[in-house]
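Below is one structure, written out as structure tokens; the observations come after it.
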């Protein structure tokens, strides 16, 4: 069933306008009586029937409301070392499919890509459009936010807000299963994971994360690429906490 995100959904009737209305009318060629799902971004799905439509607006009647089944109980923020090229777009798309709630691109000491302010703002807009598209495609109940690019020093004060921060270090650490066991034992719901760029973490960054209380974990004896590591980490976390 086609899925659309609309803010401030309330009442029995919903109006869809703009590009979503055009997509329903022209691309999908839907007709009155057919069904669509509307999500207000709070984990609730509104099952709707089309009552009227044109290329500019589509009128819907809410038939039922249900809790979105695809949202994990674990809120995961990914602090991702900025990679080269378009790898970050791949990471955004795939981690949203796997259940990430927020993504913060981080400029680290060994990040090769260093866009200027104008370029970073343009990329930020594109990244959030990609997040919306990915959330629609995989049936999420909310649109994960892609935050503006931040310097490494800027994220350190933010880490205290999470129940647990897992720092995946290429130089080794504790098994991820130990972190998963701690999450389940303590019923923690807000987790952060930190992934380095292509060149890994600078030793000073690793020390700063450990000093901030991050759990240092390993993803095994094989060195994973920066675009592979967050997918492996999220898959393991979701499976281990019953969110797969």
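The values are calculated or read from the model by the stated rules, or taken from the named source; none is laboratory data. Please read all numbers here as calculations on a predicted model, not as lab measurements. Please note: Cβ atoms are built from the backbone with ideal geometry, for glycine as well, and neighbour counts cover all protein chains shown.
Overview of results
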{"item": "Residues (at positive phi and touching a strand residue (DSSP E or B) at 6+ places or on another chain (Cβ under 8 Å)) located in segment 67-112", "result": "99"}
{"item": "Test for residue 204: is it touching a residue at least 12 places away in the same chain (Cβ under 8 Å), surrounded by fewer than 16 Cβ atoms within 10 Å (Cβ to Cβ) and assigned to a helix (DSSP H, G or I)", "result": "yes"}
{"item": "Whichever residue in segment 140-158 is more than 20 Å from residue 124 (Cα to Cα) and either modelled with pLDDT under 95 or not assigned by TED's automatic domain parsing to the domain that holds residue 190 (or both) and, among such residues, is farthest from the chain's Cα centre (by Cα)", "result": "141"}
{"item": "In segment 119-131, the residues that are closer than 29 Å to residue 67 by Cβ and surrounded by 15 or more Cβ atoms within 10 Å (Cβ to Cβ)", "result": "127, 128, 130, 131"}
{"item": "Among the candidates 120, 161, 182, 134, residue that is under 13 Å from residue 79 (Cβ atoms) and in contact (Cβ under 8 Å) with a residue 24 or more places away in the chain", "result": "161"}
{"item": "Residue match in segment 70-83 (condition: free of Cβ contacts under 8 Å to residues at least 60 places away in the same chain and either buried (at least 18 other Cβ atoms within 10 Å of the Cβ) or not assigned by TED's automatic domain parsing to the domain that holds residue 200 (or both))", "result": "no"}
{"item": "Every residue from segment 35-46 that is surrounded by fewer than 18 Cβ atoms within 10 Å (Cβ to Cβ) and touching a residue at least 40 places away in the same chain (Cβ under 8 Å)", "result": "41, 42, 43, 44"}
{"item": "Out of 137, 109, sole residue that is exposed (fewer than 15 other Cβ atoms within 10 Å of the Cβ) and in contact with a helix residue (DSSP H, G or I) (Cβ under 9 Å, 6 or more places away or on another chain)", "result": "137"}
